[in-house]
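Worksheet: one structure, shown below.
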Amino acid sequence: MSGAAGLVVRASTPADVATIAAIYGHHVVHGLASFEREPPTVAEMAARRRALLDSGYPQLVAVNADGAVIGFAQAGVYRPRAAYRHTVENTVYVAPEAARRGVGRVLLAALIEDCAARGFRRMIAVVGDSANSASIGFHESLGFRRVGTLRSVGYKFDRWVDSVILQRPLGDGDRTPPGVAG
């Protein structure tokens, strides 16, 4: 898949994991998008990637014209109960030096397309911090609708933090039962 200005989106490989870990680690340490407090190790991120892929979920990376990974997006289990199996939760992180250049938009659009092609019917976004209007607006611009706010569910950087829940349909959404072409 190609994106804007020489950007290529492709499935991640094991060689990408260290860069994915570095990108995510930056956001763990400096932001509220993740409620983790310590960056996971490269080995932990490799295990998480393997678990996603083994369960049939995608992990994509954005590669710039120089061949460097500058962002990643993935979908994973929303909740483990069987009735939720058609719903995924998205994750999108971009390297700080590539922020606000459309990388996240290209990644999330590709992730939406990939998940719909896999037969998933609904995508959930959980945005850390109700004051994160950039991430909320970003998701809304790609068809997500805000459905709720969980107040003060996380505690990070010496303050309580909300989670904003957004969702969007994938493919045929809930118009037909799973496995039925719409």
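Just so you know, all these numbers are worked out from the coordinates, no wet-lab data involved. Keep in mind that this is a model prediction, so the values were computed, not measured. Don't worry about glycine lacking a Cβ; one is built from the backbone with ideal geometry, like all the others, and counts go over all protein chains shown.
Which far-off residues, 5 or more places away or on another chain, put their amide H under 5 Å from the one on ASP129, with H placed in the peptide plane?
Here ASP162, SER163, VAL164 satisfy the definition.
So, counting K/R as plus one and D/E as minus one, what does the shell of residues with Cβ under 14 Å around SER55 add up to?
On the way: positive: ARG48, ARG49, ARG50, ARG79, ARG85, ARG118; negative: ASP54, GLU89.
Here the charged neighbours net out to +4.
Pairs of alpha-carbon atoms within less than 8 angstrom and 6+ residues apart define the contacts here; what relative contact order does the chain have, in percent?
Numbers: 323 pairs, mean separation 33.7, N = 182.
Reported relative contact order: 18 percent.
Counting other beta carbons within 10 Å of each Cβ, put VAL147, VAL17 in order, fewest first.
Details: VAL147 11, VAL17 23.
By the 10 Å Cβ count, ascending, the order reads VAL147, VAL17.
Among TYR84, TYR57, TYR155, what is the fewest-to-most ranking by other Cβ atoms within 10 Å?
Numbers: TYR84 14, TYR57 19, TYR155 11.
In order of increasing Cβ crowding within 10 Å: TYR155, TYR84, TYR57.
With 10 angstrom as the radius, rank LEU7, LEU111 by how many other C-beta atoms surround their C-beta, starting from the fewest. Please list the in-between numbers first.
Numbers: LEU7 20, LEU111 24.
Fewest-to-most Cβ neighbours within 10 Å comes out as LEU7, LEU111.
Do any trypsin sites (Lys or Arg not before Pro) in the stretch 91-151 lie in a DSSP loop with no more than 12 other beta carbon atoms within 10 Å, and if so, which? Walk me through the numbers on the way to the answer.
Working: sites: ARG100, ARG101, ARG105, ARG118, ARG121, ARG122, ARG145, ARG146, ARG151; in loops: ARG100, ARG101, ARG118, ARG121.
Listed in order of number, the matching sites are ARG100.
I'd like the distance between the alpha-carbon centres of the stretch 113-181 and the stretch 43-67, rounded to an integer number of Å.
Here the two parts' Cα centres lie 20 Å apart.
Excluding VAL29 itself, calculate the net charge of residues whose Cβ lies under 10 Å from the Cβ of VAL29, where each Lys or Arg counts +1 and each Asp or Glu counts -1. Write out the running numbers ahead of the final one.
Working: positive: ARG37; negative: GLU36, GLU38.
Every neighbour counted, the sum reads -1.
In whole Hz, with x marking every Gly and Pro, tabulate ³J(HN,Hα) for the stretch 125-131 from phi via Karplus 6.51 cos²θ - 1.76 cosθ + 1.60, θ = phi - 60°.
10, 10, 9, x, 5, 5, 7
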